[in-house]
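Enquirer: Supplied in structure tokens, the structure appears directly below.
The values are calculated or read from the model by the stated rules, or taken from the named source; none is laboratory data. Given the structure is predicted, the values throughout are model-derived calculations rather than measurements. Heads up, the Cβs are rebuilt from the backbone with ideal geometry, glycines too, and the neighbour counts pull from every protein chain shown.
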Amino acid sequence: MTILTPSPAELSRGRAATPMAFIRAIVLGYRRRGMDPASALQRAQIPPERLDDPDARVTAAQMEVMSGVAMQALDDEALAWFSRRLPWGSYGMLCRASLTSPTLEVALKRWCRHHRLLTEDIVFELVPPRSPQRGNALIRVTENVALGELREFCLVSTLRYLLGYACWAIDSRIALAETTLPFAAPPHADAYRYLFDGPVRFEADAASLAFDARYLALPVRRDEKALQAMLQRALPLTVLQYRRDRLLVHSVAQMLAADPSAAHTAEAVAGKLNISVRTLHRQLKEEGVSLQQLKNEARRERAIRLLLQTRKPVKQVASAVGFDSEKSFARAFREWTGAAPSAFRAGAGAPTAGSGPGGSGDAAAGEGSARG
């Protein structure tokens with residue numbers, strides 16, 4: 001991770017929304033280690049006399065500099081929260097250990113398990129819903145030691161680390177159904193809307209994040225090169241919100257794949273997702289796809305499976321994926337794959353209609369007559 005030294009103008013740019021209470025928590029970490037925070041405060045352009053102002057706020061850039069300088073000075077990415085240091089690079093190691101996961105669910109399970117190798121002062125657990133396609137998943141924190149004055153800053157920061165990494169890994173906003181925190185609402189509770197979207201409930205039994213369980217099935221989209229770039233500026237992940245939400249594309253794709261032969265009009269799809277047609281088209285456009293492209297993908301995948309895994313004649317395959325005629329299906333299939341359906345099936349060595357006992361005719365002939 002690189003610690004930048006922005007100009008005073010850059011440090012003051014943007015909304016000053018981070019509570020001074022979080023800066024005071026970093027200062028307390030210095031003092032617990034018998035160290036002077038003056039240099040960190042100076043680099044972050046935070047006057048020491050403002051530390052005791054309950055209404056004072058700092059910008060995201062100031063928080064990034066203050067945190068980064070403190071982590072290196074203390075050689076502790078946990079900023080003295082835990083009974084042992086988490087040396088510089090600890091959270092980068094957690095990110096790397098989860099990077100090869102096929103889905104967000106696997107990545108989060110690995111994160112929770114590997115975080116426990118760093119410390120058991122707090123333990124993360126991913127709790128999926130009873131039905132994988134319905135309900136909310138939960139990331140819950142168990143506190144095994146008293147965190148004292150650093151409790152709020154520790155729980156908020158670690159939840160934001162995990163949420164920020166999860167969003168980055170799947171390159172998508174994760175809309176939160178609820179955030180719970182096991183302490184009373186602080187004087188700066190209004191700042192929480194910048195840290196966690198959705199409802200925030202204080203005085204809960206435990207710290208947790210709840211979100212739609214369908215996010216768990218989204219694939220991890222990052223690689224080692226992207227990780228190296230992210231680690232250069234990892235701290236903004238704890239304060240910046242993602243706008244892009246890939247869950248919509250995933251949900252639409254699942255709906256289309258379940259019945260690729262259906263018409264799936266924009267009105268029908270939007271109705272099933274409880275959104276407007278305009279919102280459907282806008283969000284798909286933000287993802288760089290259209291409903292028609294997703295329909296074509298679902299039909300193509302279904303057609304390929306039927307051609308390679310069954311003996312259905314091409315005419316039946318065409319009907320099964322929503323085409324009125326074999327000829328129009330063959331034309332579309334050539335656009336998708338560069339080959340006619342029968343040639344694609346023969347080239348893959350798949351079973352063809354009529355090739356088994358009792359078969360009659362062949363799919364290629366059927367397609368040829370349709371083209372004529």
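Enquirer: Say we look at the range 317-331 and pick out the residues that are part of a helix (DSSP H, G or I) and touching a Ser or Thr at 6+ places or on another chain (Cβ under 9 Å); which of these is surrounded by the most Cβ atoms within 10 Å (Cβ to Cβ)?
Expert: Of the range 317-331, the ones part of a helix (DSSP H, G or I) are 317-320, 326-331.
When the remaining residues are screened for being touching a Ser or Thr at 6+ places or on another chain (Cβ under 9 Å), the result is 317-320, 326, 329-330.
Details: Val317: 24, Ala318: 27, Ser319: 16, Ala320: 18, Glu326: 22, Phe329: 24, Ala330: 22.
Per the criteria, the residue is Ala318.
Enquirer: Based on what the data block shows, is Glu49 within 31 Å of the chain's Cα centre (by Cα) and free of Cβ contacts under 8 Å to residues at least 24 places away in the same chain? Break it down into steps so the answer makes sense when it comes.
Expert: Working: within 31 Å of the chain's Cα centre (by Cα): no; free of Cβ contacts under 8 Å to residues at least 24 places away in the same chain: yes.
Taking the combined requirement at face value, the residue does not satisfy it.
Enquirer: Now for a different question. What are the residue pairs meeting all of these: first residue in the range 339-352, first residue under 14 Å from Lys312 (Cα atoms) and polar (S, T, N, Q), second residue assigned to a helix (DSSP H, G or I) and at pLDDT 65 or above, Cβ atoms under 8 Å, and 6 or more apart or on different chains?
Expert: Ser342/Val314; Thr352/Ser342; Thr352/Arg345; Thr352/Ala346
Enquirer: If you don't mind, another one. Looking only at the range 169-194, filter to residues that are charged (D, E, K, R), surrounded by fewer than 16 Cβ atoms within 10 Å (Cβ to Cβ) and outside any loop (DSSP other than H, G, I, E, B); which one of those is modelled with the highest pLDDT? I'd like the intermediate steps shown before the answer.
Expert: Quick first cut of the range 169-194, residues charged (D, E, K, R) only: 171, 173, 178, 190, 193.
Filter once more, keeping what is surrounded by fewer than 16 Cβ atoms within 10 Å (Cβ to Cβ): 171, 190, 193.
Subset that is outside any loop (DSSP other than H, G, I, E, B): 190, 193.
Details: Asp190: 92, Arg193: 87.
Applying the filter and picking the extreme gives Asp190.
Enquirer: Only one of Pro54, Pro19 is touching a His at 6+ places or on another chain (Cβ under 7 Å) and touching a residue at least 24 places away in the same chain (Cβ under 8 Å); which?
Expert: Values: Pro54 fails: touching a His at 6+ places or on another chain (Cβ under 7 Å).
Going through Pro54, Pro19 in turn, the sole match is Pro19.
Enquirer: Taking the stated definitions as given, is Leu138 modelled with pLDDT of 95 or more and closer than 26 Å to Leu218 by Cβ?
Expert: Values: modelled with pLDDT of 95 or more: yes; closer than 26 Å to Leu218 by Cβ: yes.
Yes.
Enquirer: Another question about this same structure. When both residues are 6+ apart or on different chains and their Cβ atoms are under 8 Å apart, which pairs have a first residue that lies in the range 119-131 and is under 11 Å from Glu143 (Cα atoms) and in the same structural domain as Thr103 (by TED's automatic domain parsing), and a second that is β-branched (Val, Ile, Thr) and surrounded by 15 or more Cβ atoms within 10 Å (Cβ to Cβ)?
Expert: Note: pairs meeting the criteria are Ile122/Val141; Ile122/Thr158; Val123/Val141; Phe124/Ile139; Phe124/Val141; Phe124/Thr158.
Enquirer: Taking interchain pairs and intrachain pairs at least six residues apart, which have beta carbon atoms under 6 angstrom, with the first residue in the range 191-207 and in the same structural domain as Arg173 (by TED's automatic domain parsing) and the second modelled with pLDDT under 90 and not in a loop (DSSP other than H, G, I, E, B)?
Expert: Hits for this filter: Ala191/Ala17; Tyr194/Ala17.
Enquirer: Since Ala204 meets every condition but one in (1) at pLDDT 95 or above; (2) assigned to a strand (DSSP E or B); (3) of a type outside the set (Lys, Arg), which condition does it not meet?
Expert: Single failed check for Ala204: (2).
Enquirer: Would you be able to say whether some residue in the range 87-106 is closer than 22 Å to Gly34 by Cα and surrounded by fewer than 19 Cβ atoms within 10 Å (Cβ to Cβ)? Lay out the reasoning, then the answer.
Expert: Going through the range 87-106, the residues closer than 22 Å to Gly34 by Cα turn out to be 87-88.
Then keep just the ones that are surrounded by fewer than 19 Cβ atoms within 10 Å (Cβ to Cβ); that gives 87-88.
Checked against the condition, which is being closer than 22 Å to Gly34 by Cα and surrounded by fewer than 19 Cβ atoms within 10 Å (Cβ to Cβ), the range 87-106 yields at least one hit.
Enquirer: So, one more: Report the residue count in the range 154-190 for those that are touching a residue at least 60 places away in the same chain (Cβ under 8 Å) and over 23 Å from Leu231 (Cβ atoms).
Expert: Counting residues in the range 154-190 that are touching a residue at least 60 places away in the same chain (Cβ under 8 Å) and over 23 Å from Leu231 (Cβ atoms) gives 4.
Enquirer: Spot the failing condition for Ala263; the list is (1) crowded, with 17+ Cβ neighbours inside 10 Å; (2) modelled with pLDDT under 90; (3) not in a helix (DSSP H, G or I), and only one is missed.
Expert: Condition not satisfied by Ala263: (1).
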